[in-house]
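Quick note: the coordinates plus some simple rules give every number you see, no bench work behind them. On a predicted model such as this, the values are computed, not experimentally measured, just so you know. Cβ placement follows ideal geometry from the backbone for every residue including glycine, while neighbour counts extend to all protein chains displayed.
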Amino acid sequence: MRLLENGYQALNESVLRSAASATKLSEFAEVWARIGADCVGSTASEELRNKHPHHARLREMPLKDMMKSMVIETSCRCWTGPPESFTRLLKTLFQTAEIREQQLILLVLPLLKSKERFLHIATEATRTNIVPVFSSLALQNPFPQDHFTEHQWNQMVLKAIFVGCAITEIEGLQSRHNEALSETIFQYVRERHSAYRTVPSAVVELCEKALSEPSQLRLNAIKSDLRLE
């Protein structure tokens, strides 16, 4: 896909050539530095922004971040060394990156070749206390629904609830739901109710999807008193 229609086309081609031949973190970081120096303040062309409904959050990025995401995808696809060496490179890059760069790495994971190799990066993102980074994985990102185990999935959804994310933006929220998650959410709802605190209506709706009959009866007993938001 052509990214640019203007003078940045030459930079785009040059950067992607460099990315395709990068074999170590220092070379990769040099490519990112070139992008940051030459693309500050620019935005993506309307052609790309309106091209395809998927990965909308990538299209909303500034041009320099979009090009960085292209560099990751190109490097992964064109890598000529052992696949595990690129996996280690991207893991190190994620651990040393700034918040914005961590976000775009998470957003580009679903586009990568043999994306299951990068599960460790995704699970590391679920443990971060930086909500914008966590949200880049948990919300509007198909990677977790495709590659997380049930336990990993449940932990991610629960954390999204705890930190106040809009859980309706979690891809696969309905298809990956399970009884264990419903029961744990029910305990959360009960605790919020006991503390006279509000509960998002979307959380209550998700809770009821797979509750056991005894838990559903207990929820029904307090449902009218819940402070929904």
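Are there GluC sites (Glu not before Pro) in the stretch 71-107 that DSSP marks as loop and that have at most 16 other Cβ atoms within 10 Å, and which are they? For GluC sites (Glu not before Pro) across the stretch 71-107 that sit outside H, G, I, E and B with at most 16 neighbouring Cβ atoms in 10 Å, the list reads Glu98.
Computed from the C-beta positions of Thr92 and Glu191 and an R0 of 30 Å, the FRET efficiency is 0.15 to the nearest 0.05.
Put simply, the amide H of Val199, placed in the peptide plane, has neighbours under 5 Å in Arg227, Leu228, Glu229, leaving out anything fewer than 5 places away on its chain. Taking each of Lys64/Lys115; Lys24/Lys91; Lys24/Lys68; Lys113/Lys159; Lys115/Lys159 in turn, the alpha-carbon distance tops 19 angstrom for Lys64/Lys115; Lys113/Lys159; Lys115/Lys159.
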